[in-house]
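Have a look at the structure below, then the notes.
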Amino acid sequence: MLTFWKKTQAEIDLIPIEEGNIIFNQTNKEIAVDDDGIRTHYGGAVTVDNTLSTVSTNPVQNQVIGNAIGTTDISAIGDGTTTGAISSLNTAIGNVETTYTGTLLSTGWTGSVAPFTQTISVTGILSSDNPILDAVLSSTYATGVSQATAWSGIHSATTSSNAIDFVFNVKPTIDIPFQAKVVK
């Protein structure tokens, strides 16, 4: 078992040596370590960076991060939880997440050979949006596997005002529900 002491030099000199003691001198920032009854002094002052740097080799630089983050009470932000606070702050600075849904219909494809295209009406989506798209698979295993296989044929998706234009390399033979998440 190691014991850590934080003492002045005068106090350190009065501490009986016990195996496993590590003593930190506040005055000169020296560390004394007991080694089988022999007190060994190491070091000197430990320098802590006061600015962050991507090239610093100082192992104590993380103290700057702790001081910068501080101990701000977030209980009054949003619903008082970390998630609620982040959501509230994102809304306040304009980061708003919107999830749109739609369904690619097996009967809605244009083209007899690849590429196969389908335009889905998505009220509210803009041509400037760059959504994260994914299939919403059925909870029925076999149907979900068929939908996932069909979704893997996607080539591209492009937003326009109130619509998403899908291009597939292989024409899906099953309806594929999807979601489009946009963060602004």
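The values are calculated or read from the model by the stated rules, or taken from the named source; none is laboratory data. The structure presented is a predicted model; accordingly, all values stated were derived computationally and were not measured. Note: ideal-geometry Cβ built from the backbone for every residue, glycine included; neighbour counts use all protein chains shown.
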So is THR143 touching a strand residue (DSSP E or B) at 6+ places or on another chain (Cβ under 9 Å), among the β-branched types (Val, Ile, Thr) and in the same structural domain as PHE178 (by TED's automatic domain parsing) or not? no
With a cut-off of at least 1 residues that are exposed (fewer than 14 other Cβ atoms within 10 Å of the Cβ) and not charged (D, E, K, R), name the strands (runs of 3 or more DSSP E) lying wholly within the range 137-184. 154-160, 176-183
If you check THR103 against the conditions, is it modelled with pLDDT of 95 or more and over 28 Å from the mean Cα position of the chain (by Cα)? yes
Out of SER127, SER112, I need the residue that is surrounded by fewer than 14 Cβ atoms within 10 Å (Cβ to Cβ) and within 12 Å of ASN162 (Cα to Cα). Which one? SER127
